[in-house]
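Comments concern the structure below.
What follows draws every value from the coordinates through simple rules; no lab data is involved. Note that the structure is a prediction, hence the values are computed from the model and not measured. With ideal geometry, Cβ positions are generated from the backbone for all residues, glycine too; neighbour counts draw on all protein chains shown.
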């Protein structure tokens, strides 16, 4: 290949590539209200929040914006390290759960806003020292506009976690057994290259989460899978349950874990230029 024929990666339309992946991997939008009361229990022994917070540079003088905050498992931990934190989520019941738990824990420096990330704007939100978008951008179609908005809002740092690709084989296997087509969605590398193409030099880190997802029983595992995959035919549900019974083992807490189902998250972050 001649030098002049080489492709300049930064000239490619990475947002278009991201959007093509979104279309290919598009699933029915999840009903977050439906799991608001259970979601915190699902994360009881998840070490992702602590692993993420170890990588974030938060001081007691920082204001933090937590996008896709859910019921506040991470938000409440941030509140104990920062001056204040504002949680944004589109689910009304998730916001209610967050406010309830913050009140029970006597945390007074949390503010909540019910809003879809797609509707986020600097004009409405203003500035924060740190912006966190945890596991909530993989399905965002207008990704370039969104990351530019995050960059505008942040005064110091932007942190984004997205799903990696190392667990694709397991997910493909599980969805095949459940009678569902595998839909991978956009790869984190596309987001990294999109950022680079618009002048944002980001850092990329594979988060080293060790704890596996835990389930109290097989019915919980099925219900959580159905929330992600959609409703299942009875024969597919039985086949999935039998598949879980072959894989799952009990851990030291007496909960069921699946050795194949490892947390796969990538942290993309950057520091704002002075």
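In the chain, the DSSP-assigned H stretches of four residues or longer account for a calculated mean residue ellipticity at 222 nm of -12000 deg cm²/dmol, using -39500 (n - 2.57) per stretch and the full residue count as denominator. According to the calculation over all Cα-Cα pairs in the stretch 1-154, the P(r) per 5 Å bin from zero is 2, 8, 16, 19, 19, 15, 9, 5, 3, 2, 2, 1, 0, 0 %. Label sites at residue 116 and residue 23, each approximated as a point 7 angstrom past Cα along Cα to Cβ, lie 1.9 nm apart. A Förster radius of 51 Å combined with the Cβ-Cβ distance from residue 253 to residue 198 puts the calculated FRET efficiency at roughly 0.70.
Dividing the convex hull volume of the alpha carbon atoms of the chain by its residue count gives 149 Å³ per residue.
Please state the relative contact order of the chain as a whole percent: Cα pairs under 8 Å, 6+ residues apart?
Worked out over the chain, it gives 22 percent.
Rg of the Cα atoms in the stretch 101-180, relative to 2.2 N^0.38 Å, amounts to 1.46.
Here the scattering of the stretch 19-71 is modelled by Debye summation over its C-alpha atoms, one equal scatterer each and no solvent; at q = 0.26, 0.27 Å⁻¹ the log10 of I(q)/I(0) is -1.05, -1.07. Across the stretch 154-274, the mean sequence separation of Cα contacts (distance under 8 Å, 6 or more residues apart), normalised by length, yields a relative contact order of 48 percent.
Distance between the modelled labels on residue 183 and residue 57, one decimal in nanometres: 3.8 nm (7 Å Cα→Cβ projection). Comparing 68, 254, 40 in a Gaussian network model of the chain where C-alpha atoms under 10 Å apart are linked, the largest mean-square fluctuation is found at 254. Approximating the spin labels as points 7 Å out from Cα along Cα→Cβ, the residue 13-to-residue 45 distance works out to 4.8 nm. Report the residues of the stretch 132-164 in range of a label on residue 271: point 7 Å along Cα→C-beta, backbone N strictly under 16 Å from it. Correct set: 155-159. Inverting the pair-averaged 1/r between distinct Cα atoms of the stretch 149-274 gives 16.9 Å as its Kirkwood hydrodynamic radius.
GNM on the chain, alpha-carbon springs under 10 angstrom: the most fluctuating residue among 119, 46, 236 is 119.
Taking all C-alpha pairs of the stretch 60-124, those more than 18 Å from each other amount to 29 percent. Which residues in the stretch 150-172 have a backbone N closer than 20 Å to a point placed 7 Å from the Cα of residue 81 along the Cα-to-Cβ line? Label zone hits: 151, 154-163. Averaging the sequence gap over all C-alpha pairs within less than 8 Å and six or more residues apart, then dividing by the number of residues, gives the stretch 4-114 a relative contact order of 23 percent.
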